[in-house]
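Here the structure is laid out as structure tokens; the discussion comes afterwards.
The values are calculated or read from the model by the stated rules, or taken from the named source; none is laboratory data. Note that the coordinates shown come from a computational prediction; the quantities given were computed from them, not determined experimentally. Cβ sites come from the backbone with ideal geometry, for glycine too, and all protein chains shown count toward neighbours.
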Amino acid sequence: MERITVYPAARIHTMDPGRPHGSAVAVADGRIVSVGSMESMQPWLRRYPYDIDDRYADKVIFPGFIDPHTHLRLSGTYMGLHYVGPIDSASPTGIRKGLPSRDAVLHQLRALAAEHADPSEPLTAWGYDPASQDGHLDRDMLDEISDTVPLWVCAYAPHIVYANSPMLELIGVDDDSIGHGLGRYADGRLNGWFVETEATARANRPVAASIFGPGTGRAAIDRMGAVARAAGVTTTADLVWGMADGFEPEWDDHAAAIAEGTFPLRIYMIPFEPKLVRSYGAEMLDFLASKRSEGDDRLNTHGVKYVNDGSYPSMTLVMNSPGYLDEDTAHTGEVPWEDMVERMRPFWRAGVQIHSHANGDRTVDMTLDTLAALQAEQPRFDHRFTIEHYCISTPAQAKRLAALGGLASVNIYFVHFRAQLHADHGFGPDRSEATARLGSLERAGATFALHSDFNLVVTPLSPLLAVWCAVNRVGADGETVMAPGERISLDRALRAVTIDAAHVLARDDRLGSIEAGKLADFTVLDDDPYEVDPMALRDIGVVDTVLGGEPTS
Amino acid sequence: MDSGDPGPLRAQPGSVDDFDAAWQATVGSIAAARRRPGDSGADAVGVTVLTGFLGSGKTTVLRRLLAEPAGLRIAAVVNDIGPVNIDAAAIDGLQVASRTPERVELTNGCACCALVDDLAETLEGLAGARMSDAIVVEASGVADPATLALAAEGAAGCMLDGVVAVVDAQHLASQLSDPRVGPAVRRQIDVAHLVVLSKVDQVDSAEVAGLADLLGRLAPGRMVVPAVHGRIDPRLLLGAALRGATFPADTGEHPFEVASAVVTPTRPWQRAEVAHWFELSPPGLMRAKGWFSSPDGGCHEVQAVGRSWRIVPAGSAHDPAIVLICSSQEAVDSAVASLLNLDELTSGQRRPSG
């Protein structure tokens, strides 16, 4: 140990229940040396040289937040689409203001074009609503913004794409082109509209090539890493490693981003089981072992991931009786349920942690049956079998999960953003109200984490918002408390984005709380969540994060 | 604007639900475009996307189509084979020829296939197997038909034939006024090339006229076909049903009579002229399919559903002939007359802009 850095703070919440508070934390070589007060850590400070860094002296320090289930690389590719719609909306960075008029949209596009880095790549925007933003865009209007950068603007109802002249060239159409849906001015010149399926498909091809082209995965990681950092996240896990572009390319993108200092997070790559089986067959366990030894504390892999039903917002999860209000739109995953024990067995026997996606209570039943069968074959302690999402469930399932030693990683955001909608749409009032039963998990004694699943569902990626949802359970109307008995305490909710999330990722020995010897990851807040009105939790500002002892700002 | 007018200003953005749908549709449309760099040729299998809200009767339409496929081998792609209930005697005495969990084949060459993994892969598998003349995708009640249509358009060996929305005559008005259901139903109508108004026997004729009027305001230019018990002329639903230039006499079983005619070009036509004719969207034209040759000697396939049309190089040489199906005899007479005008234009002569 060469030199210690001490960060004094207005308050430190360690999330170590034995020593819950402090006013200073000392770090060296990426790890925590001591937490307590300047006075309590004197035995260390007398023996080693130290600096005091007081940048957080009036701030509140937590262990670095952990979102244990995201898809940053996959979702990040789409985040290059700029939003120009009329309504306020949730975005990964928080609430995004709508634009009131066509002039405001053109103004925004002009600003984006001015800072657009590569003029050969299209500048892409979506969400334009000609009904409420004063009429259609057209080629001449967009040419005035830029006649060199290709501009592609997709309408809110994506049956119309607007393009400027460079974009028309990229799409490969000119005034002599023939096809339905190519808009024209009265003089026969193309006006930059692509209307309806055949035409929009044509207009989308160069954009798809640019969104998914070489290098976009890496760019997505950088972009989403910044988004996650801004929300206070220091550790996450990619729960479909391998699915998009393959195991090695996805790993290499993350490794490069970390090496070049553009990704201020730790990340665990959790392989999508069907792809792992297809890619490596009998060698799959060896492959995972080799990646584990190649990995380190910034980038590593553990466990394996199954997807066994659909999603909550698309109403494709699998439910028990009485089922869907209307047509049953449920989907199961790629692995047949009757093969589940057989498919999980090699991982269970090898001690590989299993993360199994189950949104509906029928799927939760199947998952618990599978876990019970595996336990009967070969009993294991501390296996950390985790049900991912756990959107619709029962109190009995929570007890059974705890009895089998299982964990839950829960998507809590839907309680606020979608549950009221689904009372009369898909799931019915009872199940919608009781979406994400954290109170039941707590009463059953099951350990659980909160996650965003930040993917293509437009809900924010924000642990503080997740905590707000878990503590308040206020519906989209801003008033109704959804299943009050499923609310949890603030302390429990904060554990679920720190130490208990680390437990779900099997890293609570080194992450998730501020204890001597652990990795020095912190999230620095403007205000103390334990002091503010619970309804103001989501408004607390994230000042900075510290990763391995180093501020990321 | 001269052409390609997307109609009245649309979109009712507002709810989280609708916003989510818009985002999903946008990324879905881009992901669909990723799959294939160019257009499929005319030998591609036509894919019809059949959409409609829960309980609208689209499964009934699908079952009727499989039972009376106009001699075509139709592959239906569904989320779940169960509800189609393909074994039931209601599929008019047809026998199941073979069955796996993913696929049930009928003795008339039609098949019902479960959607596995992603739609484009399923379609590419069916197109590659070359066992079907046409593919119908039944969209689940909540799926966005635009995204499915783009997936069909992007799948190798496939070509979007059209989007058909089944709309429930009894419940359309109440669905549209429901803030949670309305946007989805409007999107389905909005993206459709052809709207089938189902259960018209459950409402009186004045109501049918009112609904046609309402649909006309929601989606101007969309063709509306009434149907009883899911019966619709397959020639309206599927471009493949228009292959060849002759039809059996109409049996009169369809509550909605259509009129058809065949136009036979006597000389080469300019592609731009034919495109211009379709772009002007002759009143009452519901379907068209056929072939013509151009002055440079190329053979082109043309097809149209409602006001949507496309002209592509033909996969193989065909005798020039174009089948037109219109909503009435007057409409088809007028369409034939104006299309035959093309035959009188000499090569290279440009029709004055309409």
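Just a few scattered comments:
- So B:L339, is it buried (at least 17 other Cβ atoms within 10 Å of the Cβ), modelled with pLDDT of 85 or more and not in a strand (DSSP E or B): yes
- B:P37 passes every criterion in (1) surrounded by 19 or more Cβ atoms within 10 Å (Cβ to Cβ); (2) outside any helix (DSSP H, G or I); (3) touching a helix residue (DSSP H, G or I) at 6+ places or on another chain (Cβ under 9 Å); (4) at pLDDT below 65 apart from (1).
- When region A:297-323 is filtered for residues that are surrounded by fewer than 19 Cβ atoms within 10 Å (Cβ to Cβ) and hydroxyl-bearing (S, T, Y), only A:S321 remains.
- Residue match in region A:203-223 (condition: in contact with a Pro (Cβ under 6 Å, 6 or more places away or on another chain) and surrounded by fewer than 24 Cβ atoms within 10 Å (Cβ to Cβ)): yes
- Top-ranked residue in region A:313-364 [being out of contact with any helix residue (DSSP H, G or I) (no Cβ under 9 Å at 6 or more places or on another chain) and closer than 24 Å to A:M269 by Cβ; ranked as nearest to the other protein chains (Cβ to nearest Cβ)]: A:N359
- Checking each residue in region A:520-535 for being farther than 17 Å from A:L490 by Cβ and under 22 Å from the mean Cα position of the chain (by Cα) picks out A:D521, A:F522, A:V524.
- Of the residues making up region A:126-141, those that are touching a residue at least 40 places away in the same chain (Cβ under 8 Å) and within 10 Å of chain B (Cβ to nearest Cβ) are A:W126, A:G127, A:Y128, A:D129, A:S132, A:Q133, A:H136, A:D138.
- In region A:64-81, the count of residues that are within 14 Å of chain B (Cβ to nearest Cβ), in a loop (DSSP other than H, G, I, E, B) and touching a residue at least 12 places away in the same chain (Cβ under 8 Å) is one or more.
- Residues of region A:317-350 that turn out to be closer than 22 Å to A:D361 by Cα and touching a residue at least 24 places away in the same chain (Cβ under 8 Å), as a count: 19
- Elements of type strands (runs of 3 or more DSSP E) contained in region B:252-323, each with 2 or more residues being away from chain A (no Cβ under 12 Å): B:259-263, B:285-293, B:299-305
- Taking the criterion of being within 8 Å of chain B (Cβ to nearest Cβ) and among the hydroxyl-bearing types (S, T, Y), the residues of region A:194-229 that qualify are A:T197, A:T200.
- Only helices (runs of 4 or more DSSP H) whose full extent lies in region B:135-218 are considered here, and the ones with at least 3 residues that are more than 10 Å from every other protein chain (Cβ to nearest Cβ) are B:172-177, B:182-191, B:205-218.
For every residue, the table says whether it meets (1) buried (at least 22 other Cβ atoms within 10 Å of the Cβ); (2) within 16 Å of B:L50 (Cα to Cα).
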site	(1), (2)
B:A129	no, no
B:V137	yes, yes
B:T147	yes, yes
B:A155	yes, no
B:M159	yes, yes
B:G162	yes, yes
B:V166	yes, yes
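Residues checked against (1) assigned to a helix (DSSP H, G or I); (2) farther than 30 Å from A:A449 by Cβ; (3) in contact with a strand residue (DSSP E or B) (Cβ under 9 Å, 6 or more places away or on another chain):
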{"position": "A:L168", "(1), (2), (3)": "yes, yes, yes"}
{"position": "A:D222", "(1), (2), (3)": "yes, no, no"}
{"position": "A:T234", "(1), (2), (3)": "no, no, yes"}
{"position": "A:E248", "(1), (2), (3)": "yes, no, no"}
{"position": "A:Y268", "(1), (2), (3)": "no, no, yes"}
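- Scanning region A:203-219 for residues that are in contact (Cβ under 8 Å) with a residue 60 or more places away in the chain, over 17 Å from A:G172 (Cβ atoms) and among the small types (G, A, S) returns A:G217, A:A219.
- Screening A:G426 against (1) farther than 18 Å from A:A231 by Cβ; (2) at pLDDT 90 or above leaves a single unmet condition, (2).
- Among the residues making up region A:285-307, those that are aliphatic (A, V, I, L, M) and touching a residue at least 24 places away in the same chain (Cβ under 8 Å) are A:L285, A:L288, A:L299, A:V304, A:V307.
- Which numbered condition B:H276 fails, given (1) surrounded by fewer than 22 Cβ atoms within 10 Å (Cβ to Cβ); (2) modelled with pLDDT under 85; (3) not aromatic (F, W, Y): (2)
- Count - residues of region A:173-220 that are aliphatic (A, V, I, L, M), touching a helix residue (DSSP H, G or I) at 6+ places or on another chain (Cβ under 9 Å) and not in a strand (DSSP E or B): 10
- Criterion violated by A:H425 - all others in (1) of a type outside the set (A, V, I, L, M, F, W, C); (2) outside any helix (DSSP H, G or I); (3) away from chain B (no Cβ under 14 Å) satisfied: (3)
- Qualifying residue in region A:38-50 (condition: over 30 Å from A:A220 (Cα atoms) and either within 14 Å of chain B (Cβ to nearest Cβ) or in contact with a helix residue (DSSP H, G or I) (Cβ under 9 Å, 6 or more places away or on another chain) (or both)): yes
- Region A:142-175, subset of a type in the set (V, I, T), out of contact with any Lys or Arg (no Cβ under 9 Å at 6 or more places or on another chain) and closer than 17 Å to A:H107 by Cβ, residue nearest to the other protein chains (Cβ to nearest Cβ): A:V153
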